[in-house]
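Novice: Following this message is one structure expressed as structure tokens.
The values are calculated or read from the model by the stated rules, or taken from the named source; none is laboratory data. Computed from a predicted model, the values in this text were never measured in an experiment. Note that each Cβ is placed from the backbone with ideal geometry, even for glycine, and that neighbours are counted across all protein chains shown.
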Amino acid sequence: MKLLLDSCVWGGAIEALRLEGHDVTSVGAWPSDPGDEAIPQVAFDEGRVVVTPDKDFGELAVARGHAHAGIIRLVGLPARRQAE
């Protein structure tokens, strides 16, 4: 699966997910954070699912109709369990 991790996802999740065979990039590795509205568009353009604990991406997708390739929201997970 192609994933784009939001900057607030635990950094260790990147390698853990890659070891499971996923194609993973992270907003945290970008030179600067372009903001919540741009992140789902970049993910959509690259065919990536956004992974985030932030509920704002769901609002952008559902309430505002922004294009997306999927959103996985991490709710109530300690950082070290986010890769699971």
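Novice: Show the residue pairs meeting these rules: Cβ distance below 8 Å; 6+ apart or different chains; first residue within the stretch 62-84 and surrounded by fewer than 14 Cβ atoms within 10 Å (Cβ to Cβ) and in a helix (DSSP H, G or I); second residue at pLDDT 90 or above and of a type outside the set (Phe, Trp, Tyr).
Specialist: Arg80/Gly12
Novice: Inspect all residues belonging to the stretch 29-43 and state whether any of them is in a loop (DSSP other than H, G, I, E, B) and at positive phi.
Specialist: Yes, the stretch 29-43 contains a residue that is in a loop (DSSP other than H, G, I, E, B) and at positive phi.
Novice: Which residue is farthest from Glu84 (Cα to Cα), if the candidates are limited to the stretch 15-35 and must be under 11 Å from the mean Cα position of the chain (by Cα) and crowded, with 16+ Cβ neighbours inside 10 Å?
Specialist: Going through the stretch 15-35, the residues under 11 Å from the mean Cα position of the chain (by Cα) turn out to be 24-28.
Right, trim to crowded, with 16+ Cβ neighbours inside 10 Å and you get 24-27.
On the way: Val24: 14, Thr25: 16, Ser26: 16, Val27: 19 Å.
Only one residue fits best here, namely Val27.
Novice: Can I ask one more? Output the residues belonging to the stretch 57-78 that are at pLDDT below 85 and closer than 19 Å to Gly28 by Cα.
Specialist: Phe57
Novice: If you don't mind, another one. If the requirement is being small (Gly, Ala, Ser), within 22 Å of Glu15 (Cα to Cα) and more than 9 Å from the chain's Cα centre (by Cα), which of these qualifies: Ala79, Ala61? Don't jump to the end; show me each part of the working.
Specialist: Numbers: Ala61 fails: within 22 Å of Glu15 (Cα to Cα).
So the residue among Ala79, Ala61 that is small (Gly, Ala, Ser), within 22 Å of Glu15 (Cα to Cα) and more than 9 Å from the chain's Cα centre (by Cα) is Ala79.
Novice: How many of the residues making up the stretch 36-58 are more than 11 Å from the chain's Cα centre (by Cα), of a type in the set (Asp, Glu) and under 19 Å from Val75 (Cα atoms)?
Specialist: Residues in the stretch 36-58 being more than 11 Å from the chain's Cα centre (by Cα), of a type in the set (Asp, Glu) and under 19 Å from Val75 (Cα atoms): 1 in total.
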